[in-house]
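Structure first, then comments.
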Amino acid sequence: MSKKPLKVNEQKALQKRLKEKTARKSRGTGAIPELPPYTMIFCEGAKTEPLYLGEIVKLIKARYSAYAAQNRIKMDDLFCIEGVGQSNKTLLKYAKTKAGKHIQCVWVVYDKDDFPKKHFNEAPRLADQLSKEGYTQFYTAWSNECIELWFLLHFQELEANISRDCYKDKLKSHYPSYTKTSEDIFITLQCHTGDAIKRAKNQHQSFLAGTEPSDMSPCTTVYQLVEFLLKYI
């Protein structure tokens with residue numbers, strides 16, 4: 001049987017059938033509620049972010065593997081994560097070249113770090129522009145200053161703008177075994193994820209509409225990507 005990605009019209013037809021089938025079943029039967037969209041996640045970092053997000057994607061793949069096998073869906077096509085090691089603006093351009101026509105969602109994950117403010121601020125606008133050009137929708141999940149802010153919010157609120165080294169020190173006071181190459185970050189933090197989402201969302205919404213991302217510090221929109229993924233676990 002062919003394992004090529006489903007065409008766009010085939011994806012929509014399959015999702016419609018699954019939705020109709022599930023609607024006929026009562027809740028609590030273990031039925032799969034919705035087929036995830038074909039998604040690619042491109043991370044600026046080559047280690048930390050792919051390892052963390054990869055743990056969530058593993059849980060999604062485990063849930064849908066049997067259904068996927070019955071419906072000519074290859075799980076590695078349904079969800080793909082790549083650590084690219086490029087800055088935010090070039091990361092989006094790279095993502096555009098790598099995303100096939102069947103891909104419904106593309107997320108790019110990056111930190112402020114030492115990149116120019118202009119590039120950091122332009123990335124979300126470029127994602128919106130790319131979304132208007134075709135079928136694939138592009139989204140940004142950024143952190144100002146770094147991904148450790150998202151991890152730290154699992155344990156505490158943070159309002160002060162601090163250095164990257166301070167983020168790591170504060171995080172290790174709660175999570176002593178943390179390293180950027182830890183392979184169990186999501187599992188370790190999972191029970192606090194709801195708290196992190198609430199804190200990150202409140203933090204993000206505390207800034208005035210129209211504020212540039214470079215002026216939102218501390219702030220992270222990684223919570224939006226995590227919320228998206230958790231829907232399918």
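The values are calculated or read from the model by the stated rules, or taken from the named source; none is laboratory data. Predicted model, so just to flag it, every value in this text is computed and none were measured. Positions of Cβ are backbone-derived with ideal geometry, glycine not excepted, and every protein chain shown enters the neighbour counts. With ligands, DNA and RNA removed, areas are computed over all heavy atoms of the protein, side chains included. Shrake-Rupley method; radii C 1.70, N 1.55, O 1.52, S 1.80 Å.
Quick one: dipole size for the chain, taken about the Cα centre, charges +1 on Lys/Arg Cβ and -1 on Asp/Glu Cβ, in debye to the nearest 20. Mind showing how you got there, number by number?
Details: 36 positive and 27 negative charges, 309 e Å.
In debye, rounded to 20, the chain gives about 1480.
Ignoring any ligand, DNA or RNA, what whole percent of the accessible area of the stretch 163-226 comes from carbon and sulfur when the probe is 1.4 angstrom?
Numbers: 1690 of 3350 Å².
Carbon and sulfur atoms account for 50 percent of the accessible area of the stretch 163-226.
Taking a probe of 1.4 angstrom, what is the accessible area of Trp142 in Å², to the nearest 10?
Solvent-accessible area, nearest 10 Å²: 10 Å².
May I ask which residue of Pro36, Tyr167, His204 lies farthest towards the positive end of the charge dipole of the chain, with charges of +1 (Lys, Arg) and -1 (Asp, Glu) on Cβ and the Cα centre as origin?
After comparing all options, I get Pro36.
Which FRET efficiency value, to the nearest 0.05, is calculated for Asp128 and Asn202 with the Förster distance at 22 angstrom and r the Cβ-Cβ distance?
Using R0 = 22 Å, I get an efficiency of 0.40.
What is the extension gain from Leu230 to Ala66, computed as 0.36 nm multiplied by their sequence separation minus the C-alpha to C-alpha distance, in nm to one decimal?
Numbers: separation 164, 0.36 × 164 = 59.04 nm, distance 1.89 nm.
Gain in length upon complete extension: 57.2 nm.
With every protein chain kept in place and ligands, DNA and RNA left out, what is the accessible area per residue of the stretch 119-233? Probe 1.4 Å, answer in Å². Don't jump to the answer; show the numbers that get you there.
On the way: 5520 Å² over 115 residues.
About 48 Å² of surface per residue is accessible.
At a 1.4 Å probe radius, carbon and sulfur cover how many percent of the accessible area of the stretch 48-135? Working shown, then result.
Details: 2110 of 4120 Å².
Reported share for carbon and sulfur atoms: 51 percent.
What is the pair-distance distribution P(r) of the stretch 50-153, computed from all Cα-Cα distances in 5 Å bins starting at 0, with each bin given as a whole percent?
2, 11, 20, 20, 19, 14, 8, 4, 1, 0
Where does the chain land on the Kirkwood hydrodynamic radius, alpha-carbon pairs, in angstrom? Could the numbers behind the result be given before it?
On the way: mean 1/r = 0.0534 Å⁻¹.
Kirkwood hydrodynamic radius for the chain: 18.7 Å.
Quick one: ranking Thr179, Thr39, Thr97 by accessible area, 1.4 Å probe, largest first, what do you get?
Working: Thr179 65, Thr39 0, Thr97 110 Å².
Largest accessible area first, the residues go Thr97, Thr179, Thr39.
For Gly83, enumerate residues with amide H under 5 Å from its amide H, sequence gap 5+ or separate chain, H modeled in the peptide plane.
Cys43
Sorted by accessible area (1.4 Å probe), largest first, how do Lys93, Lys180, Lys58 line up? Numbers along the way, then the final one.
Values: Lys93 115, Lys180 85, Lys58 145 Å².
Greatest to least solvent exposure: Lys58, Lys93, Lys180.
If you take every DSSP beta bridge whose two residues both sit in the stretch 86-233, what share of them, in percent to the nearest 5, is antiparallel? Mind showing how you got there, number by number?
On the way: 2 of 9 bridges.
Among the beta bridges of the stretch 86-233, antiparallel pairing accounts for roughly 20 percent.
With viscosity set to 1.567 mPa s at 4 °C, what whole-number translational diffusion coefficient in µm²/s follows for the stretch 187-233 from Stokes-Einstein and a Kirkwood radius over Cα pairs? Working shown, then result.
Working: Rh = 11.6 Å.
This corresponds to a translational diffusion coefficient of 111 µm²/s.
Using only Cα atoms, tell me the angle between helix 164-174 and the longest principal axis of the chain; keep it within 0 to 90° and round to the nearest 10.
For 164-174 against the chain, the angle is about 70 degrees.
Taking only Cα atoms and a 10 Å spring cutoff, compute GNM fluctuations for the chain and point out the largest among Gly45, Gly210, Gly134.
Gly210
Averaged over every viewing direction, what's the projected area of the C-alpha convex hull for the stretch 108-233? Give it in nm², one decimal, please.
Working: hull surface 33.7 nm².
Computing the convex hull of the Cα atoms and averaging its projections yields 8.4 nm².
How high is the relative contact order of the chain, in percent, counting Cα pairs under 8 Å that sit 6 or more residues apart? Before the final figure, lay out each step's value.
Working: 338 pairs, mean separation 52.5, N = 233.
Computed value for the chain: 23 percent relative contact order.
Would you mind checking the tilt of helix 48-70 against the longest principal axis of the Cα atoms of the chain, expressed as 0 to 90 degrees and rounded to 10?
10 degrees
Can you pull the accessible area of His174 for me, 1.4 Å probe, Å² to the nearest 10?
Looks like 80 Å² after rounding.
Using the structure shown, list the pairs from Lys47/Lys89; Lys93/Lys132; Lys47/Lys132; Lys93/Lys117; Lys61/Lys117 with a Cα-Cα distance above 25 Å, or answer none. Let's see the in-between values first.
Numbers: Lys47/Lys89 19 Å; Lys93/Lys132 15 Å; Lys47/Lys132 31 Å; Lys93/Lys117 18 Å; Lys61/Lys117 37 Å.
Beyond 25 Å: Lys47/Lys132; Lys61/Lys117.
Could you tell me the accessible area of Cys191 in Å² (1.4 Å probe, neighbours in place), rounded to the nearest ten?
Cys191 has an accessible surface of roughly 110 Å² with all protein chains in place.
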